Amino acid sequence: MAAINLRAVLPIRYPEISTKNQNYTKPMISFPSLTKKKKNSFTVSVAVNPSEPSPEKPEIELEFIGPKPQGDGTYPVDKASAISGEKLLKKIMADNKIELYAAYGKVMNCGGGGSCGTCIVEIIDGSDLLNERTNTELKYLKKKPESWRLACQTIVGNKENSGKVVVQRLPQWKK
């Protein structure tokens with residue numbers, strides 16, 4: 001459905017249609033021959049119903065267990081979600097303001113190169129929803145439990161799977 005309101009009749013070229021995103025929910029129409037006209041204005045409203053809706057991207061739910069118990073003996077849990085296969089665990093934690101590093105790791109980390117080990121996490125559940133250990137992880141974590149990963153090397157999901165991943169932050173603190 002389209003509604004066009006023109007105050008003046010002007011020669012009009014065909015409209016140029018562009019979209020802000022790939023799912024075509026908000027097309028924008030501009031008339032190049034009418035731009036920068038001060039006296040004459042117009043309004044264009046367009047509703048678009050795509051014949052095929054864009055498919056929903058699979059999502060991974062994440063729970064991050066804190067490293068130290070609270071006063072009542074329970075461990076704090078932070079929750080987040082991410083589109084499958086699009087982000088590293090480190091980036092998801094940063095985006096959701098979930099603490100990854102111990103005090104020394106905040107200033108002494110490698111910035112995601114996998115060479116310092118300050119971003120170690122333990123995958124409690126959902127390891128099948130993550131990428132395989134990288135060569136960097138295999139080298140750095142060779143004497144650590146299989147469930148330990150480097151957050152800077154761990155991709156959450158594979159663009160096709162969905163589910164839940166439970167992550168223990170700073171597992172070296174929990175003995």
Notebook entry, point to check: So C119 fits all but one of (1) open to solvent by less than 90 Å² (accessible area, probe 1.4 Å); (2) closer than 12 Å to L62 by Cβ; what number is the exception?
Noted result: (2)
Notebook entry, point to check: Within segment 81-103, can one find any residue that is loosely packed, with under 15 Cβ neighbours inside 10 Å, of a type outside the set (A, V, I, L, M) and at pLDDT below 95?
Noted result: no
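Would you mind stating whether P76 is modelled with pLDDT of 95 or more and surrounded by 12 or more Cβ atoms within 10 Å (Cβ to Cβ)? Steps first, please.
Working: modelled with pLDDT of 95 or more: yes; surrounded by 12 or more Cβ atoms within 10 Å (Cβ to Cβ): yes.
So P76 fits the description; yes.
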Item checked: Pair list, Cβ < 8 Å and 6+ apart or interchain, from segment 63-83 residues that are touching a residue at least 40 places away in the same chain (Cβ under 8 Å) to residues that are among the small types (G, A, S) and in a strand (DSSP E or B) -> F64/A80
Item checked: Residues satisfying the stated conditions in segment 156-175, i.e. surrounded by fewer than 19 Cβ atoms within 10 Å (Cβ to Cβ) and under 21 Å from E61 (Cα atoms) -> N158, K159, E160, N161, S162, G163, K164, V166
Item checked: Of the criteria (1) on the phi < 0 side of the Ramachandran plot; (2) within 23 Å of the chain's Cα centre (by Cα); (3) not acidic (D, E), which one P145 fails -> (2)
Note to self: Which count do you get for residues in segment 124-155 that are aliphatic (A, V, I, L, M) and open to solvent by 40 Å² or more (accessible area, probe 1.4 Å)?
What the structure shows: 3
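The values are calculated or read from the model by the stated rules, or taken from the named source; none is laboratory data. If you're wondering where the values come from, they're calculated on a predicted model, not measured in any experiment. Heads up, the Cβs are rebuilt from the backbone with ideal geometry, glycines too, and the neighbour counts pull from every protein chain shown. Just the protein is used for accessible areas: all its heavy atoms, side chains included, with ligands, DNA and RNA removed. Shrake-Rupley method; radii C 1.70, N 1.55, O 1.52, S 1.80 Å.
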